Amino acid sequence: MISEPHFGYTPDEYEDLERRMHVIEQQSQHVSHDERHAKHRPRYEGVAGFQEETEKQKRIDELCEKRRLAFEKYFSQEDAARQSFEGIPQEALEYLIPKRLLEIMPDPGKVQLIVSEQTAAALEFFITKQDHFTGRDTAAVKEFVQELRDAMYTEQPHSAPNHPLPPDVPLFDLHMMKHTDEIRPNDLVCFMFRVERNPTPRIAFVDKYQDHEGIRNRGVSSESYQRMEALLTALKFDYITGNTSEEGYSHFFRKHERLLLHEAPASLEKELEPQNKSVFSHFSYKRLTPPKENTASSPE
C-alpha cells in the first residue's frame, strides 16, 4: 500500500480504487466453461475454429487493457475531474464497456460507447454494436424515430407515432435511437446508462439503466455496474444510489451489496433521500469510498 496521498487520493481511497478495478478484471475472466462454450458463445470445430476463438480473445484482452490504461492515465492526473462528469475523455469512458459484452458479440471491435450527454452533473451513454443487422428499412426507421423525437417536446411525449412500426425493429431500439443521431438504424443497442450528481456533490444517482433483452442474465449488467462504481470511485463520489424494479431487486441487492434507504442512519438517510421519494419502491445505496479516519461518531 502506498503511504502518501496519490494524486489527491488518500492511501485508503487509492487502494480501494485499485481493488475495484482488479475485481472487475478477475470476475470477467472467471465465466464458467458452460457459459463460454455451450450457451453464450459459438462452438468452433477444428484447428481453424480454435485459432479464430483464440484470436478473438486476444483482441478482446488488448482492447480491455488499452481502455484500462487510458482510464488509469486520466485519473492519475492532478487536474482530473472530481465529482463532475465534465471533461472525462472518450478513451477513458470506454473503460465502461464490459468485457463480457465483447465476448458475446461476434465482432468485439464494432462495440462502441456513444455519449449523448456529458455535463458536470450528468453522464448518459449508450453501448451499441455497429451494423449488427442487415435489411432493415432505414428510411422507415428514421421516420419513426423522428416522430418519437418530435413527441418528446409536446404535451404527450409518450404518444404513438402515426407511422407504422418498422418490421423486425424492437421498440426498445427505436426509443434508444431518439436520443442521438449516432445510433444508426442497423445498430444493436445493447444498453444505456444515465448517472447524475445529487445536489449533495458526493452522492451519485443512477437515473436509468436499460438493456436489450438478448444480453440479460449473461453477466453484462453486473459488470456494467461494477465498472460504473469504479468510475464513481475515481471521481471521489462517496455513495451510489438508485431504484430497482420489484422483480429484480433481491438479486440486485445481493449481487451489488446494496442497502435499502431505510436501513441507513437517520442523518444519512435524509442526505441520500431522492427528491421524489414516493415514486421509488426499492431505493438503495452503497458506500463506495472508505469512511474517513477519526469519524467514530459519524453516521456514515
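Every number in this text was worked out from the coordinates using simple rules, so none of it is lab data. Source: prediction; values computed, not measured. Cβ coordinates were reconstructed from backbone atoms using ideal geometry, including for glycine residues, and neighbour counts include every protein chain displayed.
For this structure, a couple of remarks:
- Low-density loop positions, chymotrypsin sites (Phe, Trp or Tyr not before Pro), segment 147-229 - DSSP coil, at most 11 other Cβ in 10 Å: Tyr153
- Gyration tensor verdict on segment 61-151 (Cα atoms; rounded if a/c is under 1.5, prolate if a/b is larger than b/c, oblate otherwise): oblate
- The mean sequence separation of alpha-carbon pairs under 8 Å and at least six residues apart, normalised by the residue count of segment 160-238, gives a relative contact order of 22 percent.
- Residue-by-residue Karplus 3J(HN,Hα) for segment 166-182, coefficients 6.51, -1.76, 1.60, Hz, glycine and proline x: x, x, 6, 10, x, 4, 4, 4, 5, 5, 6, 5, 5, 7, 7, 6, 6
- Across segment 163-267, the volume of the C-alpha convex hull divided among the residues equals 156 Å³ per residue.
- Segment 73-152: trypsin sites (Lys or Arg not before Pro) falling in loop per DSSP and having at most 13 other Cβ within 10 Å: Arg82
- Once C-alpha pairs closer than 8 Å and six or more residues apart are averaged by separation and normalised to the residue number of segment 70-152, the relative contact order reads 22 percent.
- Calculated FRET efficiency for the pair Arg82/Glu213, C-beta based, R₀ 35 Å, to 0.05: 0.45
- Burial ranking of peptide ranges 232-238, 120-126 (average Cβ count within 10 Å, highest at the top): 232-238, 120-126
- Glu269/Glu55 FRET efficiency (R0 45 Å; Cβ-Cβ; nearest 0.05): 0.30
- Packing-based exposure ordering (other Cβ within 10 Å, fewest first) of Val115, Val141: Val115, Val141
- With an a/c value of 1.5 or above and a/b not larger than b/c for the gyration tensor axes a ≥ b ≥ c computed over the alpha-carbon atoms, segment 107-158 is described as oblate.
- Percentage, to the nearest whole number, of Cα pairs in segment 112-192 over 18 Å apart: 42
- Violating pairs (Cα-Cα greater than 30 angstrom) within the set Lys58/Lys255; Lys58/Lys208; Lys178/Lys286; Lys178/Lys255; Lys99/Lys236; Lys178/Lys270: Lys58/Lys208; Lys178/Lys286; Lys178/Lys255; Lys178/Lys270
- Stretchable slack from Phe253 to Asp131, in nm (0.36 nm times residue separation minus alpha-carbon distance): 40.4 nm
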